[in-house]
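The values are calculated or read from the model by the stated rules, or taken from the named source; none is laboratory data. Predicted model only: the values in this text are computed from it and were never measured. For neighbour counting, all protein chains shown are included, and Cβ atoms are generated from backbone atoms with ideal geometry for every residue, glycine included. To get the accessible areas, we keep the full protein, side chains included, count just its heavy atoms, and leave off ligands, DNA and RNA. Shrake-Rupley method; radii C 1.70, N 1.55, O 1.52, S 1.80 Å.
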Amino acid sequence: MTGKSALIIFLLFAGEHLHSQTIISGLVKNSNNEPLSGAGISLENKYDGTTSAADGTFSFNSSDTGQQKIIITILGYKKFAVEVLLRSKPISISAVLKEAITEMDGVTVSAGSFEASDKKRSSLLKPLDILTTAGQQADIVSALKTLPGAQQVGETEGLFIRGGTGNETKIFIDGMMVTKPFFSSVPDIAQRGRFSPLLFKGTNFSSGGYSAQLGQGLSSALTLETHDLPARSETNLIVSSPQLTLTRQQLNKRKNASACVTVNYNNLQPYFNIIPQRVNYTKSPEIINGELSGRLKTKDGMLKYYGYLNYNSIGFDKPNIEGKNLRDYFGATNKHVFSILTYSGNLNADWKLNAGTGFSYNKDNISMHVKSGENELGYFLPRITNYTTQAKIAVTRNLPGLNKVLLGTEYQQVIDKIDAKDSIPFIVRKDNYAAVFTETDLYVTTHLVARLGIRYEYSSLLGQGKFSPRISMAYKWGGGQVSMAFGNFYQKPDADLLFRTPGLQFTKATHLLLSYQRIADRQTVRIELFYKKYNQLVTFPSFNLFKASNDGKGYAKGIELFWRDKKTFKNFNYWIAYSLLNTRRQYLDYPTKVQPSFAASHTLNIVMKQWMEKIASMFSITYTYASGRPYYNPNLPKQDFMKDRTIAYHNVGFQINYLTTIGKANAVLIFNTNNVFGNNQVFGYHFSASKDVNGLYRNEAIIPMARRFYFIGIYLSIGTDRRKEIIDN
Amino acid sequence: MNDLQIICHSHKTITMKKVIIILVVSFCLFDCSMAQPAASAEEKKFIVTMETNLRILDTASTAATYTMLANTFERIGNAEKKYWQPWYYAALCYGFMAMNVPDKAMIDPLAAKAGEYLEKASLLSNNNSEISALQGMIINTKILVDPVTRWQTSSIEAAAFLKTAKEQNPLNPRPYLIEARTKMFTPTAMGGGPEAAGPVIEKALSNFKVFKPENSIAPGWGLAQTKMLQAKINRR
């Protein structure tokens, strides 16, 4: 082939183009007037087109004629389309592409909430952050304690948020309320959450101002979302110092349904044999539980079932605080059933349905004895039962953009029973609780979103109904966003108070939050101010629970800072969370409004994670500080109620996650310990009922059961590749 | 032919001489395919345009070039509707970008775009070894965002795609190349390292010796990368 023939080809093509050539040129910019390079410009369904240059400009020729559509696309922006008429006259286009507001990176309702999700860019944590945070033994709630707003309460389970008690935080799984999210209380030992973090793909922790869809939490809502269909069938095995768990996950051939069975056995006896505990265990904590879950993907949605069955027991004894060679014996067994069936899906292009039903059963058999040698001096043997049946349904109408309106209702029947041999007659409290709620997300502009909601809830036991407005707004400002939230929140008094005084009313909290948040380039900063007012808290005179009333009140205010940085150092990320809390409340038997025993004024968390690729390990260190908490010292004059403070709390946790393979299985080896430096940790004090020889009430510090808790475990994951079977069929 | 002109403007490494050579070569193919009665004028235009862009892809290394190529392949895919190859190459461009992007936060959006293109390719061609291999490559790339979180399940998922790719076409060298590259950059403890990658890269190389792409626009990339990777493994 010679140069001549090449020339002929050129002329051939050129000749073709001579007929009618339209030059289409222009500029691609975003709404901030910044040029966009790399945008694809095309004539619809034609070869003709080009890519915008570094300065956003483009130019190309087309030999097509007539009415045509020009389409401009680029990652992260909405498609731009314009009709043009091609007739050999140059066309100039100035395209302003709008950022695609997806839930991934648009303005979002964020006041008060922390999200752990793999999907959303706005989430501040990843689900596995919960597993890899040092010192927390893979417990969801413990990991959330490293976020702003949470108190470091080590003697009672629960999330104590912004001057609220642990009971003021409600936990939801797939939108359904969890009645007993923690193992039943044991004196002075905080219990773990029942549910493994491995169950959930998303965690949303709200420390205030949350949605009208959620009720019965005065302070906080933790919503957990279970996994959708797994990518494959697999077997997981967890072997750890206290635990043996086997999970089999089966995905069908059509990949539209799965079933999962888990059996779990926990026993701390071997561990306690090696690491001595401060109390004498007569029955080491033992847990047997089974879980069953199923997923069915329908044409337009997903049906999920989750069932949980548990039996656990514990027994220990320790010296009685009154001395005189007395011993306290504590024993408890717990039976628990939790079951939910939920559906989430589209009814048609505009309507979405979320519905669920659930049932739970909880039975605690508690035995408390005071003995002198073999002589029984006193006992208390309560049997507490709870049955909760619930149903919830909500429909969402999608409006143009991301706007939507939601309308929903829920119903709960809650039956609580208690009886105790020789002391409490059989008492039953039955409540029919119903709520209706509506909420709308309005994108006023692409920079301003408002979520307006209202909730009405009625309790037959209290004979009372309440309206609560909830407002949340976010405005995109510079590279960040400013959010505010306001709302009223009502909660039924705790069951143990309702047993004694059935005539109580809803307790009430009002939240007001203002926050600034900026998530950019793997760095997150967040500052939040809050004010919370409590009304109608339950209070009663000392030692007279039967005279309870709703005369208590209080407030909490403060500022919280959060900084997360995944950028500055390679493979190293850390976050710092600081909370300043000023709170006073009069509730229970508090004679006046004081800082409650569970609230520290200052809390600081520094969480650091270093990934070492060479040795396939992640090292994590968490430092937690909390200033001293108030406690009641009966040796002080009456006006000094709750004036004493415990020593400050320091805790350094350490964790290694080592990734390896064992045979065909992928494995993660975990070693975790809290309180590396062995600091003294005091959560409060008990005082004796009678004075000693010096005329003082004897005290006893409430401290952890051991100086440190060690955890060693291995997580094995064995996949089954069914793809060959699919192909063969 | 507008494609070609624009590409020449923005891609300075291609001289006028090269353009002429490309045109000449295209013309030859044009000529050859003329002999086949089934080949229509549209088909020829498709093949010539694909070949031209595939040549650029062979030497591409910057994100700008990959973006430009992906845009071009997307236009071809939209215009033609029935071929899987344009979508496959658009996905491949985004796959390479995801693999090389310095900001790890960009990996997911790039990989997601690659996934979208690949979805379109697989709708037009099922049981395709090249598509399965690329799926495996994209999942492996996503592991880099957060190995601690993603490795345990995603690496098995990716391996399943590569296994399928090998079964669909045992002579395809690319699943072996992708596997070897992942193994090479996976710590030894996690089942990786040069020792684990060595036999796999040899297998990729031996496949390259016998593998013949079906036609001029079928995937044939990877020999240079395989040789580079082999050199790297042998140096250890």
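Of the residues making up segment A:385-401, those that are aliphatic (A, V, I, L, M) and open to solvent by 50 Å² or more (accessible area, probe 1.4 Å) are A:ILE393, A:LEU399.
Listed by first and then second residue, the pairs with beta-carbon distance under 6 Å, at least 6 apart or on different chains, first residue in segment A:197-210 and at positive phi, second in a strand (DSSP E or B) and not polar (S, T, N, Q), are A:GLY208/A:HIS511; A:GLY208/A:LEU513; A:GLY208/A:PHE530; A:GLY209/A:ALA485; A:GLY209/A:GLY487; A:GLY209/A:HIS511; A:GLY209/A:LEU513.
Restricting to segment A:187-212, and then to whatever is more than 16 Å from the chain's Cα centre (by Cα) and open to solvent by 10 Å² or more (accessible area, probe 1.4 Å), can you tell me which residue is farthest from the other protein chains (Cβ to nearest Cβ)? Even if it seems obvious, please write down each step before you answer.
Looking only at segment A:187-212, we keep the residues that are more than 16 Å from the chain's Cα centre (by Cα), and these are A:187-191, A:212.
If we keep only those that are open to solvent by 10 Å² or more (accessible area, probe 1.4 Å) too, we end up with A:187-191.
On the way: A:PRO187: 37, A:ASP188: 35, A:ILE189: 31, A:ALA190: 27, A:GLN191: 27 Å.
Looking at the filtered set, the residue picked out is A:PRO187.
Of all residues in segment A:477-491, how many are in a strand (DSSP E or B) and open to solvent by 60 Å² or more (accessible area, probe 1.4 Å)? Full working, then the answer.
Start the filter on segment A:477-491 by keeping residues that are in a strand (DSSP E or B), which leaves A:477, A:480-491.
Next cut, open to solvent by 60 Å² or more (accessible area, probe 1.4 Å) only: A:477, A:486.
Counting residues in segment A:477-491 that are in a strand (DSSP E or B) and open to solvent by 60 Å² or more (accessible area, probe 1.4 Å) gives 2.
Scanning segment B:156-176 for residues that are at the interface with another protein chain (Cβ under 7 Å from one of its Cβ atoms), more than 24 Å from A:THR132 (Cα to Cα) and charged (D, E, K, R) yields B:LYS163, B:GLU167.
Residue count for segment B:183-210 under the criterion of being under 26 Å from B:THR52 (Cα atoms) and either touching a strand residue (DSSP E or B) at 6+ places or on another chain (Cβ under 9 Å) or surrounded by fewer than 17 Cβ atoms within 10 Å (Cβ to Cβ) (or both): the result is 2.
Test A:ILE615 against the stated conditions and say whether it is within 14 Å of another protein chain (Cβ to nearest Cβ), β-branched (Val, Ile, Thr) and out of contact with any strand residue (DSSP E or B) (no Cβ under 7 Å at 6 or more places or on another chain). So A:ILE615 fits the description; yes.
Just one of the listed residues (B:ILE139, B:ILE107, B:ILE76) is assigned to a helix (DSSP H, G or I), among the β-branched types (Val, Ile, Thr), surrounded by 20 or more Cβ atoms within 10 Å (Cβ to Cβ) and under 15 Å from the mean Cα position of the chain (by Cα), namely B:ILE139. Filtered by the rule that a residue be open to solvent by less than 60 Å² (accessible area, probe 1.4 Å), assigned to a loop (DSSP other than H, G, I, E, B) and of a type in the set (Gly, Ala, Ser), segment A:47-71 gives A:SER52, A:ALA53, A:GLY56, A:SER63. Scan segment A:220-229 and tell me whether some residue there is open to solvent by less than 40 Å² (accessible area, probe 1.4 Å), touching a helix residue (DSSP H, G or I) at 6+ places or on another chain (Cβ under 9 Å) and farther than 30 Å from A:THR507 by Cα. Yes: one or more hits.
Residues that are open to solvent by 20 Å² or more (accessible area, probe 1.4 Å) and not in a strand (DSSP E or B) within segment A:26-46 comprise A:SER31, A:ASN32, A:ASN33, A:GLU34, A:SER37, A:GLU44, A:ASN45, A:LYS46, listed in sequence order.
Look at (1) farther than 15 Å from A:GLU291 by Cβ; (2) open to solvent by 70 Å² or more (accessible area, probe 1.4 Å) and you find that A:ALA257 fails only one, number (2). Consider segment A:627-659 and keep the residues that are within 14 Å of chain B (Cβ to nearest Cβ) and open to solvent by 20 Å² or more (accessible area, probe 1.4 Å). The one that is farthest from B:ILE156 (Cα to Cα) is A:ILE656.
Within segment B:144-155, the set of residues being open to solvent by 30 Å² or more (accessible area, probe 1.4 Å) and either part of a helix (DSSP H, G or I) or more than 7 Å from every other protein chain (Cβ to nearest Cβ) (or both) comprises B:LEU144, B:VAL145, B:ARG150, B:GLN152, B:THR153.
Residues in segment A:162-175 that are farther than 15 Å from A:THR507 by Cα and within 14 Å of the chain's Cα centre (by Cα): A:ILE171, A:PHE172, A:ILE173, A:ASP174, A:GLY175. Of the residues making up segment A:506-534, those that are closer than 20 Å to A:ILE454 by Cβ and open to solvent by 40 Å² or more (accessible area, probe 1.4 Å) are A:LYS508, A:LEU512, A:LYS533.
For A:GLY215, the conditions (1) at pLDDT 90 or above; (2) open to solvent by 20 Å² or more (accessible area, probe 1.4 Å) all hold with the exception of (2).
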